[in-house]
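Below you'll find the structure, written out as structure tokens, and then a few comments.
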Amino acid sequence: MTWITNLLGFFYDILFGCRHWSQTRPFTLEQQTYKVCLDCGKQIYYSTERMTPLSAREVRRMKATAEPVTVIATSMNAGGFLTRRANKSNAAA
């Protein structure tokens, strides 16, 4: 079912979509280089080796090999970062 929506979206973009004429310079954030269309805001991934935009196949391959980021919540008090110790002095010895 998703391939049908992708196909319809592809033809819609061809007929009525943005042509991305005005773009920013390429820049890198979080190890990904891309340009941004100033008209519609779409990110266009960019190759720094070839200095050309990536094809759709290269973008899919890049996203498939990207490792997911795992965020682990910890308590700041558990490590003793915010606790004060009564037996230590702030005065210089």
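Each residue in the stretch 21-33 was checked for being of a type in the set (S, T, N, Q), loosely packed, with under 10 Cβ neighbours inside 10 Å and assigned to a strand (DSSP E or B), and 0 pass. Do we have any residue at all in the stretch 42-49 that's within 17 Å of ASP13 (Cβ to Cβ), without any contact (Cβ under 8 Å) to a residue 60 or more places away in the chain and among the basic types (Lys, Arg)? Within the stretch 42-49, one or more residues are within 17 Å of ASP13 (Cβ to Cβ), without any contact (Cβ under 8 Å) to a residue 60 or more places away in the chain and among the basic types (Lys, Arg).
Looking only at the stretch 44-65, filter to residues that are within 25 Å of LEU7 (Cα to Cα), surrounded by fewer than 12 Cβ atoms within 10 Å (Cβ to Cβ) and of a type outside the set (A, V, I, L, M); which one of those is nearest to the chain's Cα centre (by Cα)? If you could, list the steps in order and put the result at the bottom.
Of the residues in the stretch 44-65, the ones within 25 Å of LEU7 (Cα to Cα) are 44-46, 52-65.
Checking the rest, the ones that are also surrounded by fewer than 12 Cβ atoms within 10 Å (Cβ to Cβ) come to 52, 55-57, 60, 63-65.
If we keep only those that are of a type outside the set (A, V, I, L, M) as well, we get 52, 55, 57, 60, 63, 65.
Values: THR52: 19, SER55: 17, ARG57: 18, ARG60: 14, LYS63: 10, THR65: 14 Å.
The selected residue is LYS63.
A Cβ distance below 9 Å, combined with a sequence gap of six or more or placement on separate chains, defines the contacts here; from the stretch 3-20, residues that are outside any helix (DSSP H, G or I) reach residues that are of a type in the set (D, E, K, R) in the pairs CYS18/ASP39; CYS18/LYS42; ARG19/ASP39; HIS20/LYS35; HIS20/ASP39; HIS20/LYS42.
Quick note: the coordinates plus some simple rules give every number you see, no bench work behind them. Keep in mind that what you see is a predicted model, and the values were worked out from it rather than measured. So basically every Cβ, Gly included, is an ideal-geometry build from the backbone, and we count neighbours across all protein chains shown.
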